[in-house]
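Structure first, commentary second.
Bear in mind these aren't lab numbers, they're just calculated from the coordinates by the rules spelled out. Values in this document were obtained by computation on a predicted structure and should not be read as measured data. Positions of Cβ are generated from backbone atoms using ideal geometry, with glycine treated the same way; all protein chains shown enter the neighbour counts.
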Amino acid sequence: MSKLSFILEKMRDSIIYKANISLIENDLDSMEFLERQPELVGGRIYVARPDEALEIIPGIMKIEKNAALITGGAADASVLGELKKICAERGIVLVCTKLSPYAVGNAINSIMYDYQKQKQRFLEAGLNGRDLQNFVSIAAELTGCPVFLLSPSFHIIECAGDCGNWTERLIKSEILSKDDIPGRMSADTGKVYYNYEDKQGRRFYFHLVEQGGEALAYLLAIDESDKELDYEYIMKLAAQNVALAIARFKQQDTSPTSSFALFLHDIVEQRVMTAPEVLERLEALPHPPKQRRRIIVVMFEDSKIPVPYEFIIAQFRDMFPEHNIAFFRGVIVILISEDERIFNVQIDEKRINEILAPYNGYMCIGHSTSDLTKIRTQYLLTRHALVVAKKLRHKKDQNTRVFRFGEYANYVLIDMFAHRYQEIHGNNDILYLGHPAVIKITRYDRQHNNNLRDVLYSYLINDRNLVRTAEAMHMHRNTVFYKINQIKELIGMDLEDGMLQQDFIMTCQIISYYEDYLGETLRM
């Protein structure tokens, strides 16, 4: 989020030593005091006294790239010399100051708070569906400078701030003619930010507005009074939001009336059923699918914040540029195309979680198929799995909002059967389908406040491996061993039989569905 160079510039009068800060390639996102952490995380600033840092760093097992250490407090030359040496060896960017550690921490927090406020301004504007003029105005307000939004051919689209003296002709003659801006900064070169100073001391800050390699526009800020600001960060925020706003105007084919949404409607309603009919409709989509197709469904729980679907779809469009996306019946649907069968599709889960978390959204990735007539089935099953997964998320999925169909297919099967069971028997007592030994273990857990059933389930799905079970349950291996013996003694059965293991696993899943999805309680 923040540049180390800008933070240090604000602290320049107190710095007594500074390593090569160009080694920090990414923005820094947080600060914490050094206190014998097991690892130092990249993109984070650590603060400590020099002597404390020298004592702690040798014991740290893992140090990620882009970690910075800023020290505060006095230290003799030998301590600083040793600290410089060990930081260089471990890849830590070291900065030493005359301030106390607490003064360093307060200074960094103050700077990062300003960054957060700037980011919040743009975030709120994006959530409220603001137009281009609003984003340009926010940039002008934060910089205190005139800011211009220029077309790819450098015509003024919008401007804000004190921009009356800067006409389009003057911008072209005084700024653009003096430097090759398009040549220095383009999506092709990868350089999206550029600034320079003219002979009069005026500084000009450019940021490319692009999406998918296409130059959509340019942002220009003109500083005539040498302000101490991180222009690159502010212009980056403005450019990101402007890009999404422009893309929103261009993305007519993601609406509920788009060709892909109408295709989904027709196959769900079974108006299009045969392979030739489906193929004809697929080939007419903006991105005709390849040999295999996979459905991804995104839905949102009730949230106090209105869901900005266009904003989110624009970000997914950036992540899945060659695939069809549409808003359909209250969810976002993505049709992924693949040349060959892929069993474990790779996506940027971290970025997807960041997109979905503010609006309480979830995603389910379905299986792929080459059968044209099964796209309807794919969509319905993937949507069904997402509804189930949100309630029955596995322990390993507690920190993610991205689910995969295969991991919840059994629960979809149980849910479908539960509905059929209700139709036939007039009740939802599906526990009668489970093995009575697991029912007995569940009742024992209730009476003795234990978790034997959870241990049993984890033990069986981890191939009866004590070490993996202990890791999954966050228990000591000996504790798992003791509980497994408890289970065997309680039910008087061996766990070696494969069919029995399968029966026990399915029964655990049925009980989990019964209690956590239906909200029922096992009768004692």
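Details
- Applying Stokes-Einstein at 10 °C and 1.306 mPa s to the Kirkwood radius of the stretch 4-113, computed over alpha-carbon pairs, gives a translational diffusion coefficient of 117 µm² s⁻¹.
- In terms of Cα atoms, the Rg and Dmax of the chain work out to 29.2, 90 Å.
- Those GluC sites (Glu not before Pro) in the stretch 442-513 that DSSP places in a loop and that have at most 11 other beta carbons within 10 Å: E496
- Normalised contact order of the chain, rounded percent, pairs of Cα under 8 Å and 6 or more residues apart: 8
- Set of lysines near K488 by C-alpha distance (under 16 Å), chain-local residues within fewer than 8 positions excluded: K440
- Full extension of the segment from E423 to Q291, taken as 0.36 nm per residue of separation minus the current Cα-Cα distance, would add 43.6 nm.
- Cys with no candidate disulfide partner in the chain (beta-carbon separation under 4.7 Å rule): C87, C96, C145, C364, C508
- Relative packing of peptides 3-14, 202-213 - highest average C-beta neighbours within 10 Å first: 202-213, 3-14
- Separation between Cα centres of the stretch 352-382 and the stretch 426-494, rounded to whole Å: 32
- The largest-to-smallest principal axis extents of the Cα set in the stretch 253-417 are 42, 36, 28 Å.
- Fraction of beta bridges assigned by DSSP in the chain that are antiparallel (%, nearest 5): 75
- Descending by average beta-carbon neighbour count within 10 Å, the peptides 352-361, 336-345 line up as 352-361, 336-345, the highest first.
- Neighbour cut-off at most 11 other Cβ (10 Å), DSSP loop, GluC sites (Glu not before Pro), the stretch 30-120: E35
- Qualifying trypsin sites (Lys or Arg not before Pro) in the stretch 36-68, DSSP loop, other Cβ atoms within 10 Å at most 15: R36, K65
- Working from Cα pairs under 8 Å separated by at least six residues, relative contact order for the stretch 267-352 is 35 percent.
- C-alpha long axis of helix 498-512 to longest principal axis of the chain, angle in °: 60
- Peptide packing: for 224-234, 377-387, the average count of neighbouring Cβ atoms within 10 Å per residue gives the ranking 377-387, 224-234, highest mean first.
- Relative to the dominant Cα principal axis of the chain, helix 77-90 is inclined by about 50°.
- Cα long-axis angle, helix 231-250 against the chain (0 to 90 degrees, to the nearest 10): 60
- Rounded Å value of the spacing that divides the Cα centres of the stretch 61-106 and the stretch 255-329: 51
- Entry note, the stretch 425-524: relative contact order of 35 percent, from Cα contacts under 8 Å with a spacing of 6+ residues.
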